[in-house]
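Student: Before I ask anything, here is the structure I am working with.
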Amino acid sequence: MNEQGQLPSAPAAERNFEPILGVLRREFTNATRVLEIGAGTGQHAAGFAAEMPWLNWLPTDRAENISGIAEWQRAAGLSNLECPRVLNVARDAPPEGPFDAAFSANTAHIMDEAAVRKMFEIVGGLLVQHGRFCLYGPFCEDGRFSTASNERFDASLREADPSMGIRHLDTIDENAGGVGLRRIRRFAMPGNNLTLVFEQRAGTARKHDES
């Protein structure tokens, strides 16, 4: 907890919780275990696990964020919220699967392009056939920013770190297709964001139950 005895909190996670929840309730109706990449403060993990008790939720993030996520996990006291695990997609081995769902919010634009590809490789390798991956955040389409505010946001990201930046949907779809994932839906979200929904195509996911 912070010096005021409060759990870690991010205003963006509070704002986008309900809109994302609406999408996940639809897309994860038949899922049983979710891998979250880049759980951040842990707010989403605790909230979504509480609202979707049929799911076992595994939050992951880089080592420096694990303690905060663990605080949310302990405070929530939910049997379906697993202990957080360290996962830097660029270098760490992924957790043991299988998973039939995956989720990541506001990560692609703060990862470099190689890490985004690696994230898709991890998800593609862990999802069972017909598993769903929901990816939330800002994206470019047809070579253009959707709004002037997104263009300014992209410029601020690249000024802070040239490897960051809002990713293009074409590139995201190429990364997905390379590991057997196909985009099946997109949802317009508040704040000029999107939630992209990918499905692991039949016959391409690893057969974990046979390994």
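Student: In a GNM of the chain with a 10 Å cut-off on Cα contacts, which of P162, P138, P94 has the highest mean-square fluctuation?
Tutor: P162
Student: Magnitude of the Cβ-charge dipole of the chain, K/R +1 and D/E -1, about the Cα centre, nearest 20 debye?
Tutor: Magnitude of the dipole: close to 460 debye.
Student: With a ≥ b ≥ c the root eigenvalues of the C-alpha gyration tensor of the stretch 1-121, is it rounded (a/c under 1.5), prolate (a/b larger than b/c) or oblate?
Tutor: rounded
Student: With unit charges on the beta carbon (Lys/Arg positive, Asp/Glu negative), name the residue among G180, V89, L157 whose Cα is farthest towards the positive pole of the charge dipole of the stretch 66-211.
Tutor: G180
Student: Normalising by the residue count of the chain, find the relative contact order in percent from Cα pairs under 8 Å and 6+ residues apart.
Tutor: 19 percent
Student: Ignoring ligands, DNA and RNA, what accessible area per residue does the chain give at 1.4 Å, in Å²?
Tutor: Result: 49 Å² of accessible area for each residue.
Student: Evaluate the distance, in nm, between pseudo-label points positioned 7 Å from the Cα of S9 and of L169 along their respective Cα→Cβ axes.
Tutor: In this crude spin-label approximation the distance works out to 3.5 nm.
Student: Could you list the trypsin sites (Lys or Arg not before Pro) in the stretch 76-181 that lie in coil according to DSSP, counting only those with at most 13 other Cβ atoms within 10 Å of their Cβ?
Tutor: When the trypsin sites (Lys or Arg not before Pro) of the stretch 76-181 are filtered for loop state and at most 13 Cβ neighbours within 10 Å, R91 remain.
Student: Right, something else. Once you place label points 7 Å from the Cα toward the Cβ at W54 and T147, how far apart are they in nm?
Tutor: 3.3 nm
Student: Grab the Cα-Cα distance for A75 and R201, subtract it from 0.36 nm times how many residues apart they are, and report the gain in nm with one decimal.
Tutor: So the extension gain works out to 41.6 nm.
Student: Put a dot 7 Å past each Cα toward the Cβ at A90 and R26; how far apart are the dots in nm?
Tutor: The two pseudo-label positions are separated by 3.5 nm.
Student: How much length is gained on full extension from R186 to A155, taking 0.36 nm per residue of separation minus their Cα-Cα distance?
Tutor: Extra length from R186 to A155 when fully extended: 8.7 nm.
The values are calculated or read from the model by the stated rules, or taken from the named source; none is laboratory data. The structure displayed is predicted, hence computed values, not measured ones. Here Cβ is always computed from backbone atoms with ideal geometry, including for glycine, and neighbour counts include all displayed protein chains. When the accessible area is computed, the model is the full protein with side chains, heavy atoms only, and any ligands, DNA or RNA have been set aside. Shrake-Rupley method; radii C 1.70, N 1.55, O 1.52, S 1.80 Å.
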